[in-house]
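The values are calculated or read from the model by the stated rules, or taken from the named source; none is laboratory data. Keep in mind that what you see is a predicted model, and the values were worked out from it rather than measured. Here Cβ is always computed from backbone atoms with ideal geometry, including for glycine, and neighbour counts include all displayed protein chains.
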Amino acid sequence: MDYSKILGKYYSENAWICGENYESLRWYDETRPKPTEEELDLKYDELQIDEMREERNRLLRDSDHTALPDFPQRDKWIVYREALRDFPSVWLPEMPFPEKPE
């Protein structure tokens, strides 16, 4: 697990230094207690979902032009974009995104 990525996203306002594992995490912020390993595990799950949604949104943005009425193979792209919009409801970590039409 990448603790520095989690801490950078959710605890950037706090003072800390992170190494390779939880035991190496040094917490220097007196305004908030050091998060537990379990709390960081939950934040990691949240981070994965956030990253998946960001990528899904990017793929949707990149394919916006395919929804134009005169786009070739528009029907295939509509199905693809619908699969992208539905993706968060079926997503599991390491699950691939729907494939773009050819």
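Can you pull out the residues in segment 20-51 that are assigned to a loop (DSSP other than H, G, I, E, B) and within 30 Å of TRP91 (Cα to Cα)?
Those that are assigned to a loop (DSSP other than H, G, I, E, B) and within 30 Å of TRP91 (Cα to Cα): GLU20, ASN21, PRO35, THR36.
Every residue in segment 30-80 that is among the hydrophobic types (A, V, I, L, M, F, W, C) and more than 27 Å from LEU7 (Cα to Cα), please.
Of everything in segment 30-80, those that are among the hydrophobic types (A, V, I, L, M, F, W, C) and more than 27 Å from LEU7 (Cα to Cα) turn out to be LEU60, ALA67, LEU68, PHE71, TRP77, ILE78, VAL79.
Every residue in segment 76-102 that is assigned to a helix (DSSP H, G or I) and loosely packed, with under 10 Cβ neighbours inside 10 Å, please.
Correct list: SER89, VAL90.
In the set ALA83, ALA67, which member is closer than 18 Å to GLU102 by Cβ and under 19 Å from the mean Cα position of the chain (by Cα)?
ALA83
Quickly run through segment 1-19 and pick out the residues that are surrounded by fewer than 16 Cβ atoms within 10 Å (Cβ to Cβ), of a type in the set (A, V, I, L, M, F, W, C) and within 21 Å of PRO93 (Cα to Cα).
If the condition is that a residue be surrounded by fewer than 16 Cβ atoms within 10 Å (Cβ to Cβ), of a type in the set (A, V, I, L, M, F, W, C) and within 21 Å of PRO93 (Cα to Cα), then MET1 is the only one that fits.
Tell me which residues, restricted to segment 1-19, are among the aliphatic types (A, V, I, L, M), under 30 Å from ASP86 (Cβ atoms) and part of a loop (DSSP other than H, G, I, E, B).
Correct list: MET1 only.
Starting from residues that are at pLDDT 95 or above and surrounded by 11 or more Cβ atoms within 10 Å (Cβ to Cβ), keep the ones in segment 30-40 and report whichever is farthest from ILE78 (Cα to Cα).
Checked segment 30-40; the qualifying residue farthest from ILE78 (Cα to Cα) is LYS34.
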